[in-house]
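Colleague: Handing you a structure now.
Values quoted throughout were computed directly from the atomic coordinates according to the rules given, and no laboratory measurement underlies them. No experiment lies behind these values; they were computed from the predicted model shown. Positions of Cβ are backbone-derived with ideal geometry, glycine not excepted, and every protein chain shown enters the neighbour counts.
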Amino acid sequence: MQFPPPETPNYGADDLFAALGRVVVAFQLLELWVAEALSGMLGLLEQNDRHLISAAMSYRQKVDLLIELYSTHGNPNLSVSLAVIKRAMLLAEEFRNRTVHSVWSIRDSRQWVRTKSNLRGRTGFEVKTRTAEISLLQDATKAMDNIRCWEFCDEALLVTAIHDLSQSEADA
């Protein structure tokens with residue numbers, strides 16, 4: 001006998017789910033932008049080359065290679081430190097990973113919470129539960145959108161994005 005899935009009360013779920021979806025899509029667009037920049041640096045100009053790069057390499061590998069290529073071959077129009085670019089890109093991935101690998105559920109008080117467990121920390125197993133803050137997820141999405149503009153923005157915008165993602169990570 002098969003049982004229907006349990007009903008989850010809404011309690012603002014539409015807004016939360018939309019914010020979570022925006023985080024995921026913003027990161028996917030950032031990852032695609034990195035793959036496009038990398039394929040351009042490698043002289044792979046066909047549209048499917050960006051997908052080839054994405055399929056062949058992890059996000060971290062793409063970022064590492066892109067930063068290495070920029071540091072050795074340069075871009076005369078780049079006005080942002082490569083260390084800042086790399087930090088912003090890697091922080092975006094960390095935020096996305098922690099967001100999608102958290103458990104989002106409703107607490108007794110009919111309030112959405114985010115629970116993240118970690119077994120590999122310095123202190124061993126730990127579980128952190130915080131009230132879900134949709135505005136922080138929205139801020140993180142804006143930060144990732146700004147990071148995606150890394151080739152065309154000034155360093156202050158990326159530093160702000162790093163700050164916002166760090167703050168969102170601590171509080172979301």
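Colleague: So what is the calculated 222 nm ellipticity per residue for the chain, using -39500 (n - 2.57) for each DSSP H run with n of 4 or more, over all residues, to the nearest 500 deg cm²/dmol? List each step's numbers first, then the result.
Modeller: Working: 6 runs with 105 residues, N = 172.
Value at 222 nm, helices only, nearest 500: -20500 deg cm²/dmol.
Colleague: Could I ask something else about it? What number do you get for the stretch 111-172 when its Cα radius of gyration is normalised by 2.2 N^0.38 Å, N = residues? Please list the in-between numbers first.
Modeller: Details: Rg = 14.5 Å, N = 62, 2.2 N^0.38 = 10.6 Å.
Rounded to two decimals, the normalised Rg is 1.37.
Colleague: On alpha-carbon atoms, Rg over Rh for the stretch 13-171 using Kirkwood Rh?
Modeller: Values: Rg = 17.2 Å, Rh = 16.8 Å.
Result for the stretch 13-171 is an Rg/Rh of 1.02.
Colleague: Something else now. How about LYS142: which aspartates and glutamates have a C-alpha closer than 13 Å to its C-alpha, ignoring those fewer than 8 places off in the same chain?
Modeller: Hits, sequence-local ones excluded: ASP164.
Colleague: Moving on. Using alpha-carbon pairs under 8 Å, 6+ residues apart, how would you state the relative contact order of the chain in percent? The partial results should precede the final answer.
Modeller: Details: 188 pairs, mean separation 42.9, N = 172.
Rounded, it is 25 percent for the chain.
Colleague: When the chain is fully extended, how far beyond the present Cα-Cα distance does PHE125 get from LEU44, taking 0.36 nm per residue of separation?
Modeller: Details: separation 81, 0.36 × 81 = 29.16 nm, distance 4.47 nm.
Length difference between fully extended and current span is 24.7 nm.
Colleague: What whole number of Å gives the distance from the Cα centroid of the stretch 90-120 to the Cα centroid of the stretch 5-66?
Modeller: Between the Cα centres of the stretch 5-66 and the stretch 90-120 lies a distance of 19 Å.
Colleague: Can you check what the Kirkwood hydrodynamic radius comes to for the stretch 8-54, Cα pairs only, in Å to one decimal? Intermediate results must be reported in sequence, preceding the final value.
Modeller: Details: mean 1/r = 0.0808 Å⁻¹.
One over the average 1/r among Cα pairs gives 12.4 Å for the stretch 8-54.
Colleague: Excluding the sites themselves, what is the longest stretch of the chain that contains no trypsin sites (Lys or Arg not before Pro) in a DSSP loop with at most 14 other C-beta atoms within 10 Å?
Modeller: On the way: sites that count: ARG110, ARG120, ARG122.
So the longest stretch without any such site is 1-109.
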